[in-house]
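Trainee: The following block contains the structure, expressed as structure tokens.
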Amino acid sequence: MVIEMWRDTFEELRNMERRMNQLFEELLGERIGLPAAPAKLGVREPYADIMETDREVKVTIEIPGVDKKDININATENSLEVSAEMKKEEEEEEEGYVRRERRYNKYYRAFALPEEVEPTKAKTTFKNGILQIVLPKKRIEKRTTIKVE
């Protein structure tokens with residue numbers, strides 16, 4: 001029972017450390033190795049949600065108007081980087097006038113992930129401007145005591 005209490009305490013401390021690291025990375029991202037903030041690059045920072053379960057980290061990002069072929073995703077064991085471009089050109093000709101409109105948006109977002117993941121096993125879906133990335137967590141092998149006979 002005492003061992004369980006210590007194990008729970010250490011797990012809570014590890015979780016606190018991860019959360020503190022995440023907070024510092026969000027506040028000081030550029031200083032600790034994440035790319036420059038989107039405002040400095042002249043691009044939009046899309047809305048995003050990060051959810052964590054026991055087995056995976058789910059990232060949902062809103063990037064409306066973008067074709068899936070124009071989305072780039074790069075991931076490491078502890079970070080995720082998403083960029084996308086939208087280029088649209090419309091032209092309308094009627095008697096006496098021509099209307100031509102161009103729209104261009106560039107999106108960029110970088111995240112420090114709350115847990116180490118296996119990026120090569122990531123799954124993605126993109127529907128109606130919503131990109132969802134599911135990254136399985138890296139399995140940490142449990143330690144087992146082996147008796148010497």
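The values are calculated or read from the model by the stated rules, or taken from the named source; none is laboratory data. Just so it is clear, the model here is predicted, and its values are computed rather than measured. Backbone-built Cβ (ideal geometry, glycine too); neighbour counts: all protein chains shown.
Trainee: If you check Arg103, Arg139, which single one turns out to be without any contact (Cβ under 8 Å) to a residue 40 or more places away in the chain and in a strand (DSSP E or B)?
Mentor: None of the others qualify; the one that does is Arg103.
Trainee: Name the residue that is surrounded by the most Cβ atoms within 10 Å (Cβ to Cβ), counting only residues in region 52-69 that are over 16 Å from Lys121 (Cα atoms) and within 9 Å of the chain's Cα centre (by Cα).
Mentor: Residue satisfying both the conditions and the ranking: Ile61.
Trainee: Restricting the search to region 104-117, which residues are within 13 Å of the chain's Cα centre (by Cα) and charged (D, E, K, R)?
Mentor: Selection gives Arg109, Glu115, Glu116.
Trainee: Also: Between Thr125, Thr145, which is assigned to a strand (DSSP E or B) and of a type outside the set (A, V, I, L, M, F, W, C)?
Mentor: Only one candidate qualifies: Thr125.
Trainee: Against the conditions (1) touching a Gly at 6+ places or on another chain (Cβ under 8 Å); (2) of a type outside the set (Gly, Ala, Ser); (3) in a strand (DSSP E or B), where does Asn72 fall short? Just the number, please.
Mentor: (1)
Trainee: Would you check if Glu77 is closer than 28 Å to Pro136 by Cα and charged (D, E, K, R)?
Mentor: yes
Trainee: With in contact (Cβ under 8 Å) with a residue 12 or more places away in the chain, closer than 30 Å to Glu17 by Cα and exposed (fewer than 15 other Cβ atoms within 10 Å of the Cβ) as the only criterion, which of Glu89, Glu118, Glu81 stands out?
Mentor: Of the residues listed, the single one that is in contact (Cβ under 8 Å) with a residue 12 or more places away in the chain, closer than 30 Å to Glu17 by Cα and exposed (fewer than 15 other Cβ atoms within 10 Å of the Cβ) is Glu118.
Trainee: Hey, can you tell me all the residues within region 76-116 that are of a type in the set (A, V, I, L, M) and over 25 Å from Val43 (Cβ atoms)?
Mentor: Selection gives Val98 alone.
Trainee: hydroxyl-bearing (Ser, Thr, Tyr), over 20 Å from Glu52 (Cβ atoms) and touching a Phe, Trp or Tyr at 6+ places or on another chain (Cβ under 7 Å): which single residue out of Ser83, Ser79 fits that description? Steps first, answer last, please.
Mentor: Values: Ser79 fails: over 20 Å from Glu52 (Cβ atoms).
Matching residue, one of Ser83, Ser79: Ser83.
Trainee: Please determine whether any residue of region 65-72 is in contact (Cβ under 8 Å) with a residue 40 or more places away in the chain, among the β-branched types (Val, Ile, Thr) and under 28 Å from Arg19 (Cβ atoms).
Mentor: No, there is no match, as no residue in region 65-72 is in contact (Cβ under 8 Å) with a residue 40 or more places away in the chain, among the β-branched types (Val, Ile, Thr) and under 28 Å from Arg19 (Cβ atoms).
Trainee: Mind checking whether some residue in region 81-100 is outside any strand (DSSP E or B), among the hydrophobic types (A, V, I, L, M, F, W, C) and modelled with pLDDT of 90 or more?
Mentor: No, region 81-100 has no match at all.
Trainee: Given the conditions (1) farther than 30 Å from Met16 by Cα; (2) surrounded by 14 or more Cβ atoms within 10 Å (Cβ to Cβ), which single one is not true for Leu113?
Mentor: It fails just one condition, (1).
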